[in-house]
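Student: Sharing a structure below in structure tokens format, with a few things to ask.
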Amino acid sequence: KFNHSKAQKRLDNFCTFRTSESVGAPSWFNYEQDRLDIFMDFVRTKLISVLGFTQEGVMCLLMKAAQWSRWIYNPQELYKASQTWNDFLLCDERVQIGGIAFILDLEGMSKRDFIKFQDQRATKLSTMYLQEALPYRIKKLIYLNMPTFFELFFKAASVWLNEKTKSKILMLQKDLTPAYESVPGLEELMPAEYNGGNCSFEEICEKNIKEFSAAPKNYLDFGISVDEAKRPSDSKNLMRVYKDLSPELMGISGNYVKIEDEI
């Protein structure tokens, strides 16, 4: 499946997205603190856990959306912190080869909190980075316990998804059987709360913290720079255009009028 030109293009997009204000989001990768410290702080929130690797070498991750609440008033900090997690994964050769199965459990996410996170530009850029630039393989994207309001949002945002990404998405409620069938070995890695063969989510997170704490201090210290003046004309605009969503896709705004209660 390896294609040198496609790999080269993706690496180009990866560097451009992280450095170009006009194309990407360099602010997500500029930190005043040590990047490994930010990563470990993020790991300790227990928002995401590495469940382990399947026999086929696929890394399985579980995110609990109920933990998003601490970033409600500053979603951009979540976007920045999550990039240290992506970079940590990039440094693991096993991820490059076997790929990732990502499970997002939306149980406990209220519509009120979800709306506070909505930033069309950030969502669009995140989708672009995932599809066009991140140099690791996404094997499966599994959305679990999906509330109705998220389904509406997902339908609107799916205009940005290419067919390859769409083919990797599973949208489920409680029954994980389709996920287990599509990712052999996932059931053994899922936490006990999901009737999986692993220990509890809390225990898995504690194991992650202990393991990741052993990373070398400079593990995430890789700088990226791009000199656009030297870019050949045939190597410009390698990422496809992601158009803004129509406001009507998420409903038409109305005016709020207070009505006196009847006695």
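Student: For region 104-144, which residues satisfy the criterion of being in contact with an Asp or Glu (Cβ under 7 Å, 6 or more places away or on another chain) and surrounded by 15 or more Cβ atoms within 10 Å (Cβ to Cβ)?
Tutor: If we filter region 104-144 for residues that are in contact with an Asp or Glu (Cβ under 7 Å, 6 or more places away or on another chain), which is where we start, we get 120, 144.
Listed by number, the list holds a single entry, Leu144.
Student: Restricting to region 1-46, what's the tally of residues that are aromatic (Phe, Trp, Tyr) and farther than 24 Å from Arg121 by Cβ? First the steps, then the outcome.
Tutor: So the first thing to find is which residues in region 1-46 are aromatic (Phe, Trp, Tyr), and the list is 2, 14, 17, 28-29, 31, 39, 42.
Pick out the ones that are also farther than 24 Å from Arg121 by Cβ and you get 2, 39.
Of the residues in region 1-46, 2 are aromatic (Phe, Trp, Tyr) and farther than 24 Å from Arg121 by Cβ.
Student: Anything in region 7-27 that is in contact (Cβ under 8 Å) with a residue 60 or more places away in the chain and either hydrophobic (A, V, I, L, M, F, W, C) or not in a helix (DSSP H, G or I) (or both)? List them, or say none.
Tutor: The initial filter retains those residues of region 7-27 that are in contact (Cβ under 8 Å) with a residue 60 or more places away in the chain, namely 7, 9-20, 23-25.
Passing the criteria: Ala7, Leu11, Phe14, Cys15, Phe17, Ser20, Val23, Gly24, Ala25.
For (1) at pLDDT below 75; (2) touching a Pro at 6+ places or on another chain (Cβ under 7 Å); (3) surrounded by 13 or more Cβ atoms within 10 Å (Cβ to Cβ), each residue gets a yes or a no:
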position: Lys168; (1), (2), (3): no, no, yes
position: Asn198; (1), (2), (3): no, yes, yes
position: Ala229; (1), (2), (3): yes, no, no
position: Leu238; (1), (2), (3): yes, no, yes
position: Glu248; (1), (2), (3): yes, no, no
position: Gly251; (1), (2), (3): yes, no, no
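Student: Which one of Gly98, Gly108 is over 13 Å from the mean Cα position of the chain (by Cα), farther than 24 Å from Ser20 by Cα and modelled with pLDDT of 85 or more? If you could, list the steps in order and put the result at the bottom.
Tutor: Details: Gly108 fails: modelled with pLDDT of 85 or more.
Only one candidate passes the filter, namely Gly98.
Student: So, of the residues in region 49-78 that are assigned to a helix (DSSP H, G or I) and aliphatic (A, V, I, L, M), which turns out to be surrounded by the most Cβ atoms within 10 Å (Cβ to Cβ)?
Tutor: Here is the first cut: in region 49-78, the ones assigned to a helix (DSSP H, G or I) are 65-71, 75-78.
Checking which are aliphatic (A, V, I, L, M) leaves us with 65-66, 78.
On the way: Ala65: 22, Ala66: 15, Leu78: 18.
Among residues in region 49-78 that are assigned to a helix (DSSP H, G or I) and aliphatic (A, V, I, L, M), the one surrounded by the most Cβ atoms within 10 Å (Cβ to Cβ) is Ala65.
Student: Between residues in region 58-69 that are without any contact (Cβ under 8 Å) to a residue 24 or more places away in the chain and residues that are charged (D, E, K, R) and surrounded by fewer than 21 Cβ atoms within 10 Å (Cβ to Cβ), which pairs lie under 8 Å by C-beta distance while being six or more apart or on different chains?
Tutor: Correct list of pairs: Gln67/Lys46.
The values are calculated or read from the model by the stated rules, or taken from the named source; none is laboratory data. These numbers come from a predicted model, not from an experiment. Positions of Cβ are generated from backbone atoms using ideal geometry, with glycine treated the same way; all protein chains shown enter the neighbour counts.
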